[in-house]
Amino acid sequence: MSDIMLQTRGLTRRFGGLVAVNDVDFDVRENEIHAILGPNGAGKSTLINLLSGEFPPSEGEIRYRGRPIQGRKARHVARLGIGRSHQKTNIFPRLTCLQNCQLAARIHMGGVFGSWRSRHQAREVDERALQALETCRLVQRAHTPASAMSYGEQRQLQIAMVLATAPRLMLLDEPMAGMGREETAQVTELLKGLADRYTLVLIEHDMDSVFRLADRITVMVDGCVLETGPTAQIRASERVRDVYLGRHHEEAHP
Amino acid sequence: MLHTYPKRVVVIMLVLTAVVAVFPLWGPAVFGAQSDFLMEKLTLMLILALFAMSLDLLVGIVGLVSLGHALFFGLGAYTLALASPDFSPAAIWWMVPLVMLVSALAALVVGFLVIRTRGIFFIMTTLAFGQMLYYFVNTSRHTGGTDGVFIMFRPSVELGGAVLLDLDNPLTFFYLCLALVVVGYLFLRWLTRSFYGQVLDGIHDNEHRMEALGYATSHYKLVAFVISGVMASIAGMLAAMQYGFANPAQLGWHASGEVLMMLILGGMGTIFGPILGAFAYEILQHTFEHLTPHWPILMGLTIILAVLILPRGIAGLIIDPPSRARLAKSPLLRWLKPGQAAPTSEAVKPAASAPSREG
């Protein structure tokens, strides 16, 4: 069994009276693609937000490579090597595609005064930005302002930006939201290719891509973990089918 | 690309700089006896241009609307006035560092407290700090109360006993101000196009995403606040030399509001726009003052019109001059000439080729 990269124990987040994430134990192993499934309002995005330090948990522990990281700010978590993308397209529209990635790559240049570091160091960083564009097949768009790109390309740029931060663990919140069939297939392929170099945690509604991509799946309902295990197990699970897939299939084939 | 402008911007700015720079040659021929007075006015406009530019870094580049920027302008003026000896000129070599140090410390303290706030709260807290200093100098005996402090001698620029520049000479002082505007402009252009500037653009567009990427955005904003405050204080110091006194009016919210209007008039976030804005604002005010004692009404109407017609200020007009098709589409013109319908085929084209802003 491979090493555990990220681990939560008893992770809970309350918003007033609402328990969005309730006593979640969640493990992510090194170099796996771990998908989080669940109906709307199951607490998937909240879980990602807790893992990325967007806000602190009410209770519980998050361990990243053995170190507790709960309560750290988002920017610290990001610099530890946990990169995330948002559900909403979240890019810098006035900057070019390449500049967007450079901005992401340069978080390791060391604060405000690192902005004026040597050209040599900047070139190293820019190299990483370019590689990220290459991986996401956006090189030919490098000098296009992000606002002028298609929606699908903007979503891909968002993944490229996460890559450019040189993460070990990527948290992707619905990377294929709102994409057409062809684009979805393209991004699925891209994520598959990333799997041997990165660890991926991914929220996705598109069942086909989830089953094609994920090594393991965690199913959440009402803030709790319903079941977690290898993709085949989740696929065969009665409980999951009842709560989630069943409903999904009914919707799909009335 | 962001912060790259068409060549005509450089050409226009160079021509305008040249026209201003040779004013001492053509001024007397055109304006006769009024020329000396106008050169003083021109010097003042240059100082205000420097002040407006410094605010543009905050408002236009980072997106922090400050209504207390005159605090630093006035701080520069008062530091010069209070630190100058009564009966001899101060040496510029320690006066400038002193002004910069005082304003940098003030900007660091004020910035530390206000930088966490956003939107209307940032406006209100900067306003509050500006007004605090205003009422302090307005009522304190040490700062001369409402009268302010007079400056008997402009600082001396000497090296080893030799006078390098005589700041009492209006011509020398004029060229010093012009040089500082040029240097300030080049500095800010370099800054906005450096990587640090790119981070500021990122903060302007989406601060939350910058945090998620891993940036300590408040550090970057604080540094911008300090740079902007120090530049404003140098403008304030020059203004105090020009007027010969430091006065509470130089740091009230009125002054902060005026410089904000120069930004709006000139075009925010372009650095060269605020320079044009400062000149345009002062020229308009000068013109209206001569027309009527109720000139603030005309001034207000002009600003409102400018915002309606030129949402991106004078700079927007230069960067992206209106085509005939776009003019025909403009609602204002169609309202003025209701008989003429916009030529549809021409009007649709530019809209379709423009980059879409979805997502």
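The values are calculated or read from the model by the stated rules, or taken from the named source; none is laboratory data. Values in this document were obtained by computation on a predicted structure and should not be read as measured data. Glycine gets a Cβ as well: all are built from the backbone with ideal geometry, and neighbour counts include every protein chain shown.
Which is in contact with a His (Cβ under 9 Å, 6 or more places away or on another chain), touching a residue at least 40 places away in the same chain (Cβ under 8 Å) and surrounded by fewer than 19 Cβ atoms within 10 Å (Cβ to Cβ), of A:Arg14, A:Arg94, A:Arg65, A:Arg9?
Within the list A:Arg14, A:Arg94, A:Arg65, A:Arg9, the selection yields A:Arg94.
Check off (1) in contact (Cβ under 8 Å) with a residue 12 or more places away in the chain; (2) within 14 Å of another protein chain (Cβ to nearest Cβ); (3) of a type outside the set (S, T, N, Q) for B:Tyr185 and give me the number that stays unchecked.
Among (1) in contact (Cβ under 8 Å) with a residue 12 or more places away in the chain; (2) within 14 Å of another protein chain (Cβ to nearest Cβ); (3) of a type outside the set (S, T, N, Q), the lone unmet condition for B:Tyr185 is (2).
Tell me whether the range A:176-190 contains one or more residues that are in the same structural domain as A:Asp27 (by TED's automatic domain parsing), out of contact with any Asp or Glu (no Cβ under 7 Å at 6 or more places or on another chain) and touching a residue at least 60 places away in the same chain (Cβ under 8 Å).
Yes, the range A:176-190 contains at least one residue that is in the same structural domain as A:Asp27 (by TED's automatic domain parsing), out of contact with any Asp or Glu (no Cβ under 7 Å at 6 or more places or on another chain) and touching a residue at least 60 places away in the same chain (Cβ under 8 Å).
Which of the residues that make up the range A:192-222 are within 18 Å of A:Ile48 (Cα to Cα), of a type outside the set (Ser, Thr, Tyr) and not in a loop (DSSP other than H, G, I, E, B)?
Within the range A:192-222, A:Leu200, A:Val201, A:Leu202, A:Ile203, A:Val210, A:Arg216, A:Ile217, A:Val219, A:Met220, A:Val221 qualify.
Check whether at least one residue in the range A:34-45 is on the phi < 0 side of the Ramachandran plot, part of a loop (DSSP other than H, G, I, E, B), in contact with a strand residue (DSSP E or B) (Cβ under 8 Å, 6 or more places away or on another chain) and surrounded by fewer than 19 Cβ atoms within 10 Å (Cβ to Cβ), and report yes or no.
For the range A:34-45, residues on the phi < 0 side of the Ramachandran plot, part of a loop (DSSP other than H, G, I, E, B), in contact with a strand residue (DSSP E or B) (Cβ under 8 Å, 6 or more places away or on another chain) and surrounded by fewer than 19 Cβ atoms within 10 Å (Cβ to Cβ): present.
What is the residue count in the range A:50-102 for residues that are at negative phi and out of contact with any helix residue (DSSP H, G or I) (no Cβ under 9 Å at 6 or more places or on another chain)?
9
Could you figure out which of (1) outside any loop (DSSP other than H, G, I, E, B); (2) surrounded by fewer than 16 Cβ atoms within 10 Å (Cβ to Cβ); (3) in contact with a strand residue (DSSP E or B) (Cβ under 6 Å, 6 or more places away or on another chain) isn't true of A:Glu182?
Evaluating A:Glu182 over (1) outside any loop (DSSP other than H, G, I, E, B); (2) surrounded by fewer than 16 Cβ atoms within 10 Å (Cβ to Cβ); (3) in contact with a strand residue (DSSP E or B) (Cβ under 6 Å, 6 or more places away or on another chain) leaves (3) as the failure.
Out of (1) in contact with a Phe, Trp or Tyr (Cβ under 9 Å, 6 or more places away or on another chain); (2) more than 10 Å from chain B (Cβ to nearest Cβ), the odd one out for A:Glu174 is which?
Among (1) in contact with a Phe, Trp or Tyr (Cβ under 9 Å, 6 or more places away or on another chain); (2) more than 10 Å from chain B (Cβ to nearest Cβ), the lone unmet condition for A:Glu174 is (1).
Checking A:Gln99 against (1) over 29 Å from B:Trp190 (Cβ atoms); (2) at the interface with chain B (Cβ under 8 Å from one of its Cβ atoms), only one condition comes out false. Which one?
Condition not satisfied by A:Gln99: (1).
I'm trying to understand the selection: among the residues of the range A:57-93, which are part of a loop (DSSP other than H, G, I, E, B) and within 14 Å of chain B (Cβ to nearest Cβ)?
Passing the criteria: A:Ile69, A:Arg72, A:Lys73, A:Gly81, A:His86, A:Gln87, A:Lys88, A:Thr89, A:Asn90, A:Ile91, A:Phe92, A:Pro93.
Looking only at the range B:193-220, which residues are among the hydrophobic types (A, V, I, L, M, F, W, C) and either at the interface with another protein chain (Cβ under 7 Å from one of its Cβ atoms) or within 16 Å of B:Gly111 (Cβ to Cβ) (or both)?
Listed by number, the residues that qualify are B:Phe195, B:Val199, B:Leu200, B:Ile203, B:Ala212, B:Leu213, B:Ala216.
Can you tell me which residue in the range B:222-233 is nearest to the other protein chains (Cβ to nearest Cβ), limited to those that are surrounded by fewer than 24 Cβ atoms within 10 Å (Cβ to Cβ) and in contact (Cβ under 8 Å) with a residue 60 or more places away in the chain?
Per the criteria, the residue is B:Leu222.
Out of the residues in the range A:125-151 meeting the condition of being away from chain B (no Cβ under 13 Å) and acidic (Asp, Glu), tell me which one is farthest from A:Leu103 (Cα to Cα).
If we take residues in the range A:125-151 being away from chain B (no Cβ under 13 Å) and acidic (Asp, Glu), then A:Glu134 is farthest from A:Leu103 (Cα to Cα).
Looking at the range B:28-42, is at least one residue more than 14 Å from chain A (Cβ to nearest Cβ), out of contact with any Leu (no Cβ under 6 Å at 6 or more places or on another chain), aromatic (Phe, Trp, Tyr) and free of Cβ contacts under 8 Å to residues at least 12 places away in the same chain?
Yes, the conditions are met somewhere in the range B:28-42.
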